[in-house]
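The values are calculated or read from the model by the stated rules, or taken from the named source; none is laboratory data. Treat the numbers as computed from the prediction; the structure is a model and nothing was measured. Positions of Cβ are generated from backbone atoms using ideal geometry, with glycine treated the same way; all protein chains shown enter the neighbour counts. Heads up: the accessible areas ignore ligands, DNA and RNA and are worked out on the full protein's heavy atoms, side chains in. Shrake-Rupley method; radii C 1.70, N 1.55, O 1.52, S 1.80 Å.
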Amino acid sequence: MPGRFPYNSLPVYPHLGPHDARLWNRYIAEHPEEYLSCDYDVWVGEGAIPEAGVGNNVYKGDQRDLTKKRVDVVAYRADGSADCIELRPQAGSSAIGTIITNHFLLEAHLAGLPCKPVIITDKAKADIFGIAEKHGIKIIELGFKPGELES
């Protein structure tokens, strides 16, 4: 299953903020042959189902869509598998919760395509490596480059 975007640096990525885009560009530069293609801002899950009393409100459908979970990057490999990627300049327990949730929902979305959870970060906070290992999550620390702030 190919992604909509080539696996290379883009001037703008759907859904990625500037810190996440910088992190992703660094990862691509350091791992240029890792994937074949990518999808960005992949919406998964059902979203919040509007209450019945909302009626024919024009925003009813938007509520469902806008409350779906979003996967930063789904990256496709040559072997037919994919990675569910969460980008976090500093990864802590919230990154673990996000990747567990997104990976679970993405597996259903991809309907049988093998998929692994991955967090790409500059720095992982204390105590998350054991939790990540227990849940089969790969953490990739790129480290800060000279002149970059830890913000």
Arrange the residues Asp79, Asp62 by how much accessible surface each exposes, largest first, with a 1.4 angstrom probe. Asp79, Asp62
Round to the nearest 10 and report in Å² the accessible area of His109, as given by a 1.4 Å probe over the protein chains' heavy atoms. 100 Å²
Gyration tensor on Cα atoms of the stretch 64-126, a ≥ b ≥ c root eigenvalues, a/c under 1.5 rounded, else prolate if a/b beats b/c, else oblate, says oblate
Quick one: how many lysine pairs does the chain have with C-alpha atoms less than 15 Å apart and a gap of 8 or more or different chains? Give me the count, please. 6
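Defining a contact as two alpha carbons under 8 Å apart and six or more residues distant in sequence, what relative contact order in percent does the chain show?
Relative contact order comes out at 20 percent.
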So if we plug the beta-carbon distance of Asp41 and Leu113 into 1/(1 + (r/R0)^6) with R0 = 25 Å, what FRET efficiency do we get, rounded to 0.05? 0.85
Quote the FRET efficiency, to the nearest 0.05, computed for Leu10 versus Ala48 with a Förster distance R0 of 35 Å and r equal to the Cβ-Cβ distance. 0.70
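Looking at the chain, send over the antiparallel percent of its DSSP beta bridges, to the nearest 5. Don't jump to the answer; show the numbers that get you there.
Details: 13 of 26 bridges.
Bridges in the chain are about 50 percent antiparallel.
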Any idea what angle helix 18-30 forms with the longest principal axis of the chain, computed on alpha-carbon atoms, 0 to 90 degrees, nearest 10? 50 degrees
Restricting attention to the alpha-carbon atoms of the chain, what are Rg (one decimal) and Dmax (integer), both in Å? 16.5, 55
With axes computed from alpha carbons, what is the tilt in degrees of helix 93-110 against the longest principal axis of the chain, rounded to the nearest 10 within 0 to 90? 60 degrees
Using the Karplus curve 6.51 cos²θ - 1.76 cosθ + 1.60 with θ = phi - 60°, what ³J(HN,Hα) values do you get for each residue of the stretch 133-143, in whole Hz, with x for Gly and Pro? 4, 4, 9, x, 9, 8, 10, 10, 9, 8, x
Per-residue [θ]222 nm for the chain (sum of -39500 (n - 2.57) over DSSP H runs n ≥ 4, rounded to 500): -9000 deg cm²/dmol
Starting from the residue with the highest accessible area, list Phe129, Phe104, Phe144 in decreasing order, probe 1.4 Å. Phe104, Phe129, Phe144
